[in-house]
Amino acid sequence: MLVRGGRIVDPRHRVDALRDIRLQGDRIVEIGEHLRLHPGEEIVEAAGWIVAPGFIDAHVHLREPGFEAKETLVTGSAAAVRGGFTALCAMPNTEPALDTAEVLARVSFPQASPERGIHARIFPIAAMTRARAGHELLDYASLLAAGAVAFSDDGSTVADARIMREALRALAALDRVAIAHAEDAAIKADGVMNDGIVSRRLGLPGSPASAEESIVARDIVLALETHARLHVAHVSTARSLELVAWARERGGRVTCEVTPHHLLLTDEAVEELGAGAKVNPPLRTAADTRTLRDAVRRGAVDFFASDHAPHTDDEKSGDIARAAVGFSGLEVAVGAYARALPDLPAIDFVALCSTRPVEILGLPGGTLDVGSPADLTMYSERPWRVESARFASKGHATPFEGWELPRRIEATVVAGRLAYMATPTRS
């Protein structure tokens with residue numbers, strides 16, 4: 001395949017220039033200006049597009065095994081490539097949880113498998129405790145050997161600080177990342193949205209920012225003590241960011257991510273959308289969203305992550321107290337990030353979507369070096385409107401329904417194969 005005339009952006013080498021890229025098999029084999037077409041090569045005309053190393057979504061819920069009515073590896077990977085993602089990291093809140101080598105093998109596809117309908121690479125994030133119950137540590141070394149790239153009880157917090165401390169110590173010895181879902185269940189109680197002016201106006205129980213921040217603080221202190229690598233998932237408050245900065249100033253190996261919905265939406269969305277805006281952590285205040293965006297601009301956030309959490313339509317409708325938590329994000333994320341941060345330079349945007357998650361989680365890709373995986377994400381600054389009925393994901397709930405987003409995925413290439421194309425190619 002010859003990808004011709006695109007604007008190549010490679011953060012690892014600080015490259016931003018018009019170049020052609022030649023792919024052979026599953027590798028990049030040549031980069032240059034005005035490369036000659038070889039006989040039999042497929043052409044992707046990329047003029048006017050940015051061509052980037054394949055985007056990684058390091059926080060998705062693919063629901064398989066156990067919740068295939070919500071999503072499967074097939075439908076989730078189809079949504080991924082439509083959204084520009086060549087690789088996904090699958091969270092372990094499945095049934096059974098991703099806590100054994102046998103279960104991990106069912107969801108690990110580091111090379112993708114188009115013949116089975118799996119179009120993106122899938123890397124499992126294993127549970128941190130048995131059944132994600134927060135009581136029993138696992139054999140992390142065997143899970144690493146089975147393909148795990150990190151460890152988390154995401155969807156639940158390890159409530160017992162002693163267990164969390166032991167888990168961090170064990171993972172530090174293996175130099176692997178622990179991903180924290182920061183939410184104190186006792187403080188949250190029956191909260192269904194952010195605790196604040198809006199929740200009181202609506203008469204709904206709220207979950208205060210301290211439910212998140214208290215766990216972020218606890219886990220940071222434990223990570224500093226054990227010299228562990230800690231990644232804080234879906235940061236949503238200004239104080240959580242302050243705590244991450246505090247840890248880094250003291251030599252802590254602490255990283256964090258932000259989601260499109262926490263960058264763009266506030267708790268006022270609950271007034272309009274009801275259960276459609278229910279998510280953990282909850283949508284916060286306008287001051288929090290401004291702080292998150294500012295943190296991205298100054299490099300205080302390590303990468304973007306969608307927290308793709310598909311549900312059936314029935315589960316996301318009706319009373320907010322009973323509605324499921326979360327919504328689909330893979331197919332809107334890139335456009336939503338661009339709407340939140342239209343002034344972010346392309347090289348920083350690509351780093352947040354590709355290079356940084358690769359570096360932190362030790363994944364393949366993240367660069368356009370010759371010899372690197374032939375995984376490419378191509379996008380344009382062409383606006384488009386969100387229509388969830390057209391999603392490849394089984395989950396059609398999104399708070400961005402009807403929004404115009406300013407950045408569109410044009411093509412996604414995984415291992416040298418054109419996995420998605422918004423417009424026809426020439427050959």
Positions within region 312-323 being part of a loop (DSSP other than H, G, I, E, B) and either of a type in the set (Ser, Thr, Tyr) or crowded, with 23+ Cβ neighbours inside 10 Å (or both), in sequence order
312, 317
Those residues that are outside any loop (DSSP other than H, G, I, E, B) and surrounded by fewer than 16 Cβ atoms within 10 Å (Cβ to Cβ), I need them from region 28-44; list them, please.
29, 30, 32, 43
Residues satisfying the stated conditions in region 108-124, i.e. buried (at least 18 other Cβ atoms within 10 Å of the Cβ) and either part of a loop (DSSP other than H, G, I, E, B) or on the phi > 0 side of the Ramachandran plot (or both):
108, 112, 119, 120
Kindly indicate which of 133, 127, 161 is surrounded by fewer than 20 Cβ atoms within 10 Å (Cβ to Cβ) and without any contact (Cβ under 8 Å) to a residue 60 or more places away in the chain.
133
So for region 153-171 (the condition being on the phi < 0 side of the Ramachandran plot, at pLDDT 95 or above, of a type in the set (Ser, Thr, Tyr) and part of a loop (DSSP other than H, G, I, E, B)), does at least one residue qualify?
yes
If you check 408, 417, 390, 426, which single one turns out to be modelled with pLDDT under 95 and of a type in the set (Lys, Arg)?
426
Would you pick out the residues in region 45-87 that are surrounded by fewer than 24 Cβ atoms within 10 Å (Cβ to Cβ) and either assigned to a strand (DSSP E or B) or without any contact (Cβ under 8 Å) to a residue 60 or more places away in the chain (or both)?
45, 47, 50, 64, 65, 66, 67, 68, 74
Residues satisfying the stated conditions in region 173-200, i.e. surrounded by fewer than 21 Cβ atoms within 10 Å (Cβ to Cβ), without any contact (Cβ under 8 Å) to a residue 40 or more places away in the chain and assigned to a helix (DSSP H, G or I)
173, 174, 185, 186, 187, 197, 200
Tell me the residue from 352, 330, 363 that is closer than 23 Å to residue 78 by Cα, surrounded by fewer than 23 Cβ atoms within 10 Å (Cβ to Cβ) and touching a strand residue (DSSP E or B) at 6+ places or on another chain (Cβ under 8 Å), please.
363
Residues that are of a type in the set (S, T, N, Q), at least 1 per element: which helices (runs of 4 or more DSSP H) completely within region 222-311 meet that?
238-249, 286-297
Hey, does region 64-79 have a residue that's polar (S, T, N, Q), in contact with a helix residue (DSSP H, G or I) (Cβ under 9 Å, 6 or more places away or on another chain) and more than 20 Å from residue 413 (Cβ to Cβ)?
no
Check on residue 98, crowded, with 18+ Cβ neighbours inside 10 Å and either more than 18 Å from residue 176 (Cα to Cα) or at pLDDT 95 or above (or both)
yes
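The values are calculated or read from the model by the stated rules, or taken from the named source; none is laboratory data. Note that the structure is predicted; figures quoted are calculated from it, not measured. Cβ coordinates were reconstructed from backbone atoms using ideal geometry, including for glycine residues, and neighbour counts include every protein chain displayed.
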